[in-house]
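Heads up: the structure comes next, in structure tokens.
Readers should treat all values here as calculations from the given coordinates under stated rules, not as data from a laboratory. Small disclaimer: the values here were computed from a predicted structure and weren't measured. In this analysis, Cβ positions are derived from the backbone assuming ideal geometry, glycine residues included, and neighbour counts consider all displayed protein chains.
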Amino acid sequence: MVRVATHPLIRHKLTRLRDVATPTADFRRLAREISLLLAYEATRDLPLESVEISTPLETMEGQRLSGKKLCFISVLRAGNGILDGMLDLVPSARVGHIGLYRDPETLRPVEYYRKFPEDIKNRVCIVVDPMLATGYSAAAAVQSLKTAGAEKIIFVCILAAPEGMLCLTEAHPDIEVITCAIDRELDDHGYIRPGLGDAGDRLFGTR
Ligand code: URA
């Protein structure tokens, strides 16, 4: 299932994020704000249970989250740029990391780092990476989580290319994908067009 988050605040902030004139500090802040809103989308269907509480005036039936707890999985390094916004919304979530590089010959992702919480099987896993470009890394990250025992997986990005969306959903039709926009295409250098450029470089000011 694919969900495009179209809240006006997301659209407004995404336009500023895309703008080449947006400086690094603003880019970082906007990415954090957008990711908080994306976390809101990603947690929309979490199950609730009834609980009786006492207000200062009387007892009442309230609701609280039930079922599996959350875990965010950041795909290094750009995933870290949208992690803090999500943690702002769900501070008690656990965090895992996965690092992948592209093999220069096969152009396929190779895992070089993985650290997941031990109880990953019992958690809803939200994989975060701002750009779903070819989809190879995203599909590999999801596969790695499944191999580690994860059962409920949601992939969250800021921008997706149609090619990446197809690759990820074909490889893992059982997961949910949430994005702010599906752009026109991937160019010959693997950049999403019109896109926002290199998310890692813009987040960390490395270019
Ligand atoms: N990664 C990025 O940071 N930007 C793109 O456009 C594609 C992949």
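Some points to look at:
- In region 107-128, residue farthest from H172 (Cα to Cα) [restricted to those that are under 17 Å from the mean Cα position of the chain (by Cα) and within 16 Å of the ligand (Cβ to nearest atom)]: V128
- Within region 20-58, the set of residues being farther than 19 Å from C157 by Cβ and out of contact with any strand residue (DSSP E or B) (no Cβ under 7 Å at 6 or more places or on another chain) comprises V20, A21, P23, T24, A25, D26, P47, S54, T55, P56, L57, E58.
- Neighbours by Cβ (under 7 Å, 6+ apart or cross-chain): first from region 116-136, under 12 Å from V156 (Cβ atoms); second within 16 Å of the ligand (Cβ to nearest atom) and aromatic (F, W, Y): V127/F155
- Matching option when the condition is more than 19 Å from E176 (Cα to Cα) and surrounded by 13 or more Cβ atoms within 10 Å (Cβ to Cβ), among D119, D88, D103: D88
- Some residue of region 152-165 being over 17 Å from G190 (Cα atoms) and acidic (D, E): no
- Each residue in region 107-122 was checked for being part of a loop (DSSP other than H, G, I, E, B) and polar (S, T, N, Q), and 0 pass.
- Being touching a residue at least 24 places away in the same chain (Cβ under 8 Å), farther than 21 Å from R44 by Cα, assigned to a loop (DSSP other than H, G, I, E, B) and not β-branched (V, I, T) is a property that does not hold for G164.
- In region 88-106, residue farthest from A78 (Cα to Cα) [restricted to those that are in a loop (DSSP other than H, G, I, E, B) and under 19 Å from the mean Cα position of the chain (by Cα)]: S92
- Cβ-Cβ under 6 Å pairs, at least 6 apart or on other chains, region 192-207 side small (G, A, S), far side part of a strand (DSSP E or B) and within 10 Å of the ligand (Cβ to nearest atom): A199/M131
- Scope region 129-175; condition charged (D, E, K, R) and more than 15 Å from the ligand (Cβ to nearest atom); matching residues: K146, E151, K152, E170, D174
- Looking only at region 43-80, and only at residues there that are in contact with a helix residue (DSSP H, G or I) (Cβ under 8 Å, 6 or more places away or on another chain) and aliphatic (A, V, I, L, M), the one that is surrounded by the most Cβ atoms within 10 Å (Cβ to Cβ): I73
- Residues in region 176-201 that are in a helix (DSSP H, G or I) and either more than 8 Å from the ligand (Cβ to nearest atom) or surrounded by fewer than 17 Cβ atoms within 10 Å (Cβ to Cβ) (or both): D201 only.
- Within region 62-106, tally of residues that are out of contact with any Leu (no Cβ under 9 Å at 6 or more places or on another chain) and within 16 Å of the ligand (Cβ to nearest atom): 4
- Failed condition for E163, given (1) touching a Ser or Thr at 6+ places or on another chain (Cβ under 8 Å); (2) closer than 21 Å to A31 by Cβ; (3) of a type outside the set (K, R): (2)
- The single condition among (1) part of a strand (DSSP E or B); (2) in contact with a Pro (Cβ under 9 Å, 6 or more places away or on another chain) that G79 does not satisfy is (1).
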